[in-house]
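This report refers to the structure that appears directly beneath it.
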Amino acid sequence: MPDMSALLEQAQKMQEQLLAAKEELSRARVTGEAASGLVKATVTGTGELISVEIKPEAVDPDDAELLGDMVVAAVRDANDQAEQLAADKLGPFAGGFGGGDALGGGGAAGALGF
């Protein structure tokens, strides 16, 4: 029969490591770009949008829809990078949580509340 106190100690250590990884992700920043850097979006490692930077030359008064598309593309790029960062940081915890994306689609981060 396994030693319950050893199992509990191991679970406690894993929980501490998970909390540390979650804290690190919340402090991390990643930036995505669109249109060769004309539009940039910065998100945290957990996918929270922090800022959007738009260079003046990206603004065409006759094509506001294009600007919107560039913002969406930059945010998607940043979120893709945040998902990869979360997957890298939470990889050791992913074993038994199932598949899915790293920020909420059922993978390790999704199972852990990201």
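Using a 1.4 Å probe and ignoring any ligands, DNA or RNA, find the accessible area of Asp69 and quote it in Å² to the nearest 10.
Here the accessible area works out near 90 Å².
Using 0.36 nm per residue, how much length does the chain from Arg27 to Glu53 gain when fully extended, once their Cα-Cα distance is taken away?
7.4 nm
Cα to Cα, under 29 Å, and not fewer than 8 places away if on the same chain: which lysines meet these conditions relative to Lys40?
Those lysines meeting the cut-off are Lys22, Lys55, Lys89.
Find, among the GluC sites (Glu not before Pro) in the range 1-98, those assigned to loop by DSSP (not H, G, I, E, B) with at most 16 other beta-carbon atoms within 10 angstrom.
Filter output for the range 1-98: Glu48.
With unit charges on the beta carbons (Lys and Arg positive, Asp and Glu negative) and the dipole taken about the Cα centre of the range 1-72, which residue among Val52, Leu25, Thr42 sits farthest to the positive side?
Positive-most Cα among the choices belongs to Leu25.
Under Stokes-Einstein, with the Kirkwood radius over Cα pairs standing in for Rh, what whole-number D in µm²/s applies to the range 1-43 at 20 °C and 1.002 mPa s?
Value of D from the Cα-based Kirkwood radius: 160 µm²/s.
The values are calculated or read from the model by the stated rules, or taken from the named source; none is laboratory data. Here the structure is a predicted model, which means the values were calculated and not measured. Cβ sites come from the backbone with ideal geometry, for glycine too, and all protein chains shown count toward neighbours. We work out accessible area using only protein heavy atoms, side chains counted, and drop any ligands, DNA or RNA first. Shrake-Rupley method; radii C 1.70, N 1.55, O 1.52, S 1.80 Å.
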